[in-house]
1. If Tyr302 meets every condition in (1) exposed (fewer than 15 other Cβ atoms within 10 Å of the Cβ); (2) touching a strand residue (DSSP E or B) at 6+ places or on another chain (Cβ under 7 Å); (3) within 18 Å of Asp398 (Cβ to Cβ) apart from one, which number is that one?
2. Going through Thr324, Thr406 one at a time, which residue ends up being surrounded by fewer than 18 Cβ atoms within 10 Å (Cβ to Cβ), in contact (Cβ under 8 Å) with a residue 12 or more places away in the chain, out of contact with any Ser or Thr (no Cβ under 7 Å at 6 or more places or on another chain) and not in a strand (DSSP E or B)?
3. Considering each residue of the range 60-81, count those that are closer than 21 Å to Pro129 by Cα and assigned to a loop (DSSP other than H, G, I, E, B), and give that number.
4. Among (1) over 21 Å from Val30 (Cα atoms); (2) of a type in the set (S, T, N, Q); (3) surrounded by 15 or more Cβ atoms within 10 Å (Cβ to Cβ), there is one condition Thr119 misses while meeting the rest; what is its number?
5. Would the range 169-180 turn up any residue that is touching a Pro at 6+ places or on another chain (Cβ under 9 Å), touching a residue at least 40 places away in the same chain (Cβ under 8 Å) and farther than 28 Å from Phe72 by Cβ?
6. Pairs, please: C-beta under 8 Å, at least 6 apart or cross-chain, first residue assigned by TED's automatic domain parsing to the domain that holds Ile363 and surrounded by fewer than 23 Cβ atoms within 10 Å (Cβ to Cβ) and in the range 275-291, second modelled with pLDDT of 90 or more and among the aliphatic types (A, V, I, L, M)?
7. For the range 311-321, which positions are charged (D, E, K, R) and surrounded by fewer than 18 Cβ atoms within 10 Å (Cβ to Cβ)?
Amino acid sequence: MDSLKSQIAKLPKEAGIYQFFAGDGTLLYVGKSVDIKKRVKSYFAHKDLGPKTNKLVRNIAQVKYIKVFSEFEALLLESELIRIHKPFYNVAARDDKSPIYIKITKGEVPLVQTARKTTISPKDYTKGPFPSAKTTYAVLRMVRRIFPYCTHKKDKKPCLYFHLGLCPEPYRSEEAKEEYRRQVAKIKRLLSANSKFLISDLVREMKDLSRAQKYEEAAVVKKQIEKLEYLVATYHTPREFLEQPTLVDDLTLSRLKDFQKALDLKKLPKRIECYDISNIMGTNAAGSMVVLTNGKVDKGEYRRFKIKFKHTPNDYEMMREVLTRRIFNDWPKPDVIVIDGGRGHLNAALSIVNKYKYQTTVISLAKRLEEIYTPDKVLPLSLPKESPARQIAQVARDEAHRFAITYHRKLRSKNFLK
């Protein structure tokens, strides 16, 4: 077995859970992080972490990890491992309190709450135990942004969460109670790792509401679908990760192969760059470059550009400027460049790539129909929603858009303060 130092050096800088084992193979502790390597190294970078943690660090002989796709998956996987194995230092961290759960009470108006085991009724729906109150509240915050829920019994006036749009105030009427109970059923499905079926049901509900010309209600459900898809993008259950610990790497490789095949690339793309422009009528214009390395978001390689030469609303010229500046920087060469936009944006990018004889594949992804434009085909490539190739392009495009608009807002705020 490798030395502990060697094991830590091989840890990935990606999201997932990590497990500390003693020399005899006993599982001591389970934790989660958006950067496994950075988090594990922090245990050994400080001398005084408190009596319990210092003792834990002294006993660590082996580190294992499981990579995941999202923070939501990490939270649930960490909880499941602690529930199964009850590692000593996770239990000790509770300060001798009983485990904490998410509880949904039974009754006319089900309440969504946190609870210790001693306060749970056999009739209650429960999820957990979770490793800490902090983790439990993190899960509930994610859920509440999609499906607002109620935590209190009937009061004289609506609570603060009602005014924030995070509580539906089910006590208003019998119809409100009935609708709320349907929402609670959706929360249970989400917590029970049935998100894929839940999204299908929501899509069906949205279409039914639209056909009935209940457009406002349909719009609410549409927002729920969008938030849920973002939360559980490529979602997999804790059981899937436990049965196949290399799931993230296996699926990522499979998606990259599909991307290569769909675009007829000669080799597997190791570095994919995506570009977007953000501005309001040409003002405070910003460009972004995001990078996927081996199919995964690589934030350390992101770059942003403050547009220097164009102050009128011309996305094509701004894209030309960004790509010109990128080409003249000594950064690793991309196998594929993805442009946010349609045929016009693709042609603008190609004009620069061809001008400087920059050898790489360039495509664009149009938002409206999510079609991929390529240089050698007149008609765009229309891939199904479940296509891994389309999903990779969408991940890159959405990240580029987010990164560009964040920088644009920062520039706008600076200029406003001036």
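The values are calculated or read from the model by the stated rules, or taken from the named source; none is laboratory data. Given the structure is predicted, the values throughout are model-derived calculations rather than measurements. Quick reminder, even Gly has a Cβ in these numbers, built from the backbone with ideal geometry, and neighbours come from all protein chains shown.
1. (1)
2. Thr324
3. 2
4. (3)
5. Yes, some residue in the range 169-180 is touching a Pro at 6+ places or on another chain (Cβ under 9 Å), touching a residue at least 40 places away in the same chain (Cβ under 8 Å) and farther than 28 Å from Phe72 by Cβ.
6. From residues that are assigned by TED's automatic domain parsing to the domain that holds Ile363 and surrounded by fewer than 23 Cβ atoms within 10 Å (Cβ to Cβ), the pairs are Val291/Ile272.
7. The answer is Glu317, and nothing else.
Table: residues versus (1) charged (D, E, K, R); (2) within 13 Å of Asp276 (Cβ to Cβ); (3) in contact with a Gly (Cβ under 9 Å, 6 or more places away or on another chain).
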residue	(1), (2), (3)
Arg304	yes, yes, yes
Phe309	no, no, no
Pro313	no, no, yes
Lys333	yes, no, no
Ile337	no, yes, no
